[in-house]
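Novice: Please find one structure pasted underneath; my questions will follow.
Bear in mind these aren't lab numbers, they're just calculated from the coordinates by the rules spelled out. This structure is a prediction, so every number in the text was calculated from the model and none was measured. Because the Cβ atoms are built from the backbone with ideal geometry, glycine has one as well, and the counts that use them run over all protein chains shown.
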Amino acid sequence: MELKNAVAIVTGGARGIGRGIACALAEEGARVAVADLPATDADRQETIAEIERLGGDALAVDVDVRDFAQAQAMVEAARAKWGRVDILVNNAGVIAIGPVVAFAEEDWDRVMDVNLKGTFLCSKAVGPHLMQQRSGRIINLSSIAGKKGRGGSSCYSATKFGIIGFTQALAHEMAPFDVTVNAICPGEVNTYMWREVLSPAIGAMAGVSADEAFEGFIKTQVPMGRPQTVEDMGQAAVFLCRADNITGIALNVNGGTEMA
Ligand code: NAD
């Protein structure tokens, strides 16, 4: 797909990996709807300022991906401004960790709703437009946790395995319409998710600081020996948007932590 003037929606685009992907697409000439919860507006304005600094065109859209009416309104906002939608990046995600026997049912429902149901609802909202256009890209954020389960990550892992299955099934449904559907599997990007949730939890279990926990994970689990960046995820998203004949894959962008 030609990215110049393509219209992309990035959910969870206010910060972290979503921001990296939004900026990378904008740098290639795409117009980007930065869709996120209203509470993230300060971060989202930074993403938009960065896109504008790159010479791009961006739109702030409020969405809670758990709500189909809001997902539809998000798609309509992009169409109202630019007349079409070409790319949906289902990036919005949350994490909660802990052993199954102590895991709260509300946390299970919340993580399932945002990560898995949100991916379904936003794809359902944009799907008819891409099918009618007979072109488009859907990119879903899975994880190393979508390739291998680790203790403490049952719920998050279930959503990320689920996203890979969803990606493959939707890829079949969309293929006759020349719409590709792929997933990206990051591992260790030091965003809010690692900084505020994973590193402190792993550190507490190991009796080390959060920073030491992150560095320890990188040293022991990542063959490339370094964390990934939000720019790495942007590069992968651009690659998947450009690729005309790749669909249904779950692309590892995790320094070799998972290779299958
Ligand atoms: P992050 O917490 O920095 O960003 C997540 C974004 O999702 C935030 O902007 C947040 O406001 C948004 N969001 C949360 N709930 C939402 C909702 N209901 N509706 C709309 N937006 C919502 O985390 P991140 O690391 O940038 O994660 C982005 C994606 O990448 C997630 O799907 C995550 O699971 C995945 N991922 C991250 C890593 C990593 O190493 N950071 C690894 C594997 C996968």
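Novice: Working out 0.36 nm times the residue gap between residue 205 and residue 100, then minus their Cα-Cα distance, what length gain in nm do you get to one decimal?
Specialist: 36.2 nm
Novice: So for the chain, taking the charge dipole from beta-carbon charges (+1 Lys/Arg, -1 Asp/Glu), which of 38, 255, 54 sits furthest toward the positive end?
Specialist: My answer, from the dipole projection, is 255.
Novice: So, counting K/R as plus one and D/E as minus one, what does the shell of residues with Cβ under 9 Å around residue 258 add up to?
Specialist: +2
Novice: Express in nm, to one decimal, how much length is gained between residue 4 and residue 177 on full extension, taking 0.36 nm for each residue of separation and deducting their alpha carbon distance.
Specialist: Extra length available between residue 4 and residue 177 comes to 60.2 nm.
Novice: Enter the angle in degrees (range 0 to 90, nearest 10) between the Cα long axis of helix 210-221 and the first principal axis of the Cα atoms of the chain, meaning the one along which they spread out most.
Specialist: Rounded to the nearest ten degrees, it is 80.
Novice: Mean-square fluctuation check for the chain, GNM, Cα pairs under 10 Å: which of 205, 112, 193 is largest?
Specialist: Among 205, 112, 193, the largest mean-square fluctuation in the Gaussian network model of the chain belongs to 205.
Novice: Got a sec to turn the phi values of the stretch 133-144 into Karplus ³J(HN,Hα) couplings, 6.51 cos²θ - 1.76 cosθ + 1.60 with θ = phi - 60°, whole Hz, x for Gly and Pro?
Specialist: 5, 6, 6, x, 9, 10, 10, 10, 8, 9, 5, 4
Novice: I've got another one for you. What are the residues whose amide H is under 5 Å from the amide H of residue 253, where those residues sit 5 or more places off or on another chain and H is modelled from the backbone?
Specialist: For residue 253, the qualifying residues are 185.
Novice: How much length is gained on full extension from residue 242 to residue 49, taking 0.36 nm per residue of separation minus their Cα-Cα distance?
Specialist: Computed gain between residue 242 and residue 49 is 67.0 nm.
Novice: Something else now. Counting only residues 5 or more places away or on other chains, whose amide H sits under 5 Å from the amide H of residue 94 once H atoms are built in the peptide plane?
Specialist: Close amide H contacts, sequence-distant or interchain: 115.
Novice: Could you give each residue of the stretch 50-64 its phi-based ³J(HN,Hα) in whole Hz, using Karplus coefficients 6.51, -1.76, 1.60 with θ = phi - 60°, and x for Gly or Pro?
Specialist: For the stretch 50-64, the Karplus-derived couplings read 5, 4, 5, 4, 7, x, x, 10, 9, 9, 8, 10, 7, 8, 10 Hz, x marking Gly and Pro.
Novice: Give me the angle, in degrees from 0 to 90, between the Cα long axis of helix 230-242 and the longest principal axis of the Cα atoms of the chain, rounded to the nearest 10.
Specialist: Approximately 40 degrees, to the nearest 10.
Novice: Compute the helix-to-body angle for 16-27: its Cα long axis versus the longest principal axis of the chain, expressed 0 to 90° and rounded to tens.
Specialist: For helix 16-27, the angle is close to 30 degrees.
Novice: Provide the packing ranking of 217-228, 49-60, i.e. peptides ordered by the mean count of other C-beta atoms within 10 Å per residue, highest first.
Specialist: Final packing ranking: 49-60, 217-228.
Novice: In whole Hz, with x marking every Gly and Pro, tabulate ³J(HN,Hα) for the stretch 97-108 from phi via Karplus 6.51 cos²θ - 1.76 cosθ + 1.60, θ = phi - 60°.
Specialist: With coefficients 6.51, -1.76 and 1.60, one gets 10, x, x, 3, 5, 10, 7, 6, 4, 5, 5, 4 Hz.
Novice: Separate question: Pairs 147/219; 160/219; 4/160; 148/219: which are spaced more than 26 Å apart, C-alpha to C-alpha?
Specialist: Exceeds cut-off: 4/160.
Novice: Amide H neighbours of residue 140 under 5 Å, counting only residues 5+ apart in sequence or on other chains, H built in-plane at 1.01 Å?
Specialist: 90, 182, 183, 184
Novice: Quick one: putting +1 on the C-beta of Lys and Arg, -1 on the C-beta of Asp and Glu, what dipole do you get for the chain around its Cα centre, in Debye to the nearest 20?
Specialist: Around 560 debye, computed over the chain.
Novice: With an 8 Å Cα cut-off and a minimum separation of 6 or more residues, compute the relative contact order for the chain in percent.
Specialist: 20 percent
Novice: If you don't mind, there's one more thing I want to ask. Under unit Cβ charges (Lys, Arg +1; Asp, Glu -1), what dipole magnitude, rounded to 20 debye, does the stretch 40-174 have relative to its Cα centre?
Specialist: Here the size comes out at about 660 debye.
Novice: Can you give the FRET efficiency for residue 231 and residue 62, using 1/(1 + (r/R0)^6), R0 = 35 Å, r = Cβ-Cβ distance, to the nearest 0.05?
Specialist: 0.85
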